[in-house]
Amino acid sequence: MVKKKTHEAEIHKGLEELRQSGVVFEDATPALLPRLRKELGNSHVRDLAVVFTLGKIADAASVELLTEIEKRSVDKDLKKEIRRSLFKLGQRGLDIPREEAPKAGASVAFNRPPEIEAYMSAVDGTGGRLVWIVKPQPNFGLQTIQAMVSDRDGLQRVGGAQIRRKELRQMAQEIKQQHGISMIAVPWEYADQIIYEGFEKAKSQGRTGLENFHELRAMLHSGKPRPQDHPVYKKLDAHVVGEGAWRELSRRLLDEPELRFWILDEDFAQSFLLQLQEAQTSRLVLNPMQKEERLASIVREAVAALCIGEMGKRMQRRMEDMALYFLETGRAQLAKLALAVAIQIKEGNPGPLDVSFLTGLVQKTFAFYLAQQKSKAEEEPSFIVKP
């Protein structure tokens, strides 16, 4: 939030500098473009303000100028603002040149130039992801690191092997056929970060069997990965995904095959299940409406708990990863919903209104564990002797 406010403050400062130099924003038409072009290069904040203003002038010339600025700029913040402005112009019907992205599907994703590559699966119901890092070796095929990483338990297993690209494609196809899960291309630096963080977490928990980790990772580098933003933020505009009725629509995510088996950890759900049982068996005389409100309040408490502490960090990462996964598998609208949920979780609370995905996930989790408890109780032998 601080970074976002700082960025907005820089734009406001740049707009004020433009006003002082004589730019009249009331005339936000293509006629303003030559003047805006002249203002470029005077200061960082002024460049941001020019790019921001271009996003309000719905003309092909604005798109052309933004694209020109983007090609010659090395400023990360400026490039982000350019993409936001281009996105806004695209929403108003203008033709926007797109950054080339890999097409969905293993057969295409695994034909790439000889450089370090990485691939990641969807997040499973326990927060696990399959991560591959691949580095071509001249005349020796592909050196691979294959890891299963849990956001709760860390690195669960890791291995390495030299394989051919054909075998890599076959592995991805088998995963798709057997489990309905695609392996999407991700920046290798992000994949390395996931695996390294998983190793550190597993080590802190005293897990053994990962002694060969550093030897395997030496094919990349030996240093600690640098912190980085999630790659999905380079592909989706965080300022835009939170617009519209995303809270109500987010429940659609639970209908996707990849989220079919998402259930929250039992130790997280346990305290809330005890509250549910107490509410259902309470000796207090509650009418149906009071009981329903009590159950709803427990669900709201659980949703709020999903957004804080370690659980909040895990849920944020899961939703960011799934946003990227949906985007790379051709489901852009679902990607935006998943990212909007991640951003809300990052705020540390669900907000004043219901986030239907989180509510639905909590309700689904409660129903699962309550059914388990009921089934277990029915299977236990009775020692009551009837006369």
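The values are calculated or read from the model by the stated rules, or taken from the named source; none is laboratory data. Only a predicted model underlies this, so the values are computations on that prediction, with no experimental measurement involved. So basically every Cβ, Gly included, is an ideal-geometry build from the backbone, and we count neighbours across all protein chains shown.
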Point to revise | Selected residue [in contact with a Gly (Cβ under 6 Å, 6 or more places away or on another chain), surrounded by 15 or more Cβ atoms within 10 Å (Cβ to Cβ) and within 17 Å of residue 359 (Cα to Cα)] from 259, 249, 273, 254 | key: 254
Exercise for review: Output yes when any residue across the range 197-213 is within 26 Å of residue 139 (Cβ to Cβ), assigned to a loop (DSSP other than H, G, I, E, B) and of a type in the set (S, T, N, Q), and no when none is.
Suggested key: yes
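Kindly establish whether residue 294 is modelled with pLDDT under 95, assigned to a helix (DSSP H, G or I) and not assigned by TED's automatic domain parsing to the domain that holds residue 130.
So residue 294 fits the description; yes.
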**Study point:** Test set (1) assigned to a helix (DSSP H, G or I); (2) within 25 Å of residue 243 (Cα to Cα) - residue 17 fails condition number
**Key:** (2)
Revision key, fill the gap. In the set 37, 19, 46, the lone residue that is farther than 16 Å from residue 94 by Cα and without any contact (Cβ under 8 Å) to a residue 12 or more places away in the chain is 19
Check your understanding: Restricting the search to the range 214-228, which residues are outside any loop (DSSP other than H, G, I, E, B) and either of a type in the set (S, T, N, Q) or under 25 Å from the mean Cα position of the chain (by Cα) (or both)?
Key -> 217
Practice item. Search the range 57-75 for residues that are in contact (Cβ under 8 Å) with a residue 40 or more places away in the chain and pair each with any residue that is of a type outside the set (D, E, K, R) when their beta-carbon atoms are under 9 Å apart and the residues are at least 6 apart or on different chains. Key: none
Practice item. Find the residue count for the range 66-89, including only residues that are of a type in the set (D, E, K, R) and not in a helix (DSSP H, G or I). Key: 1
Exercise for review: Please indicate, with yes or no, whether at least one residue in the range 201-209 is among the β-branched types (Val, Ile, Thr) and either closer than 26 Å to residue 88 by Cα or free of Cβ contacts under 8 Å to residues at least 24 places away in the same chain (or both).
Suggested key: yes
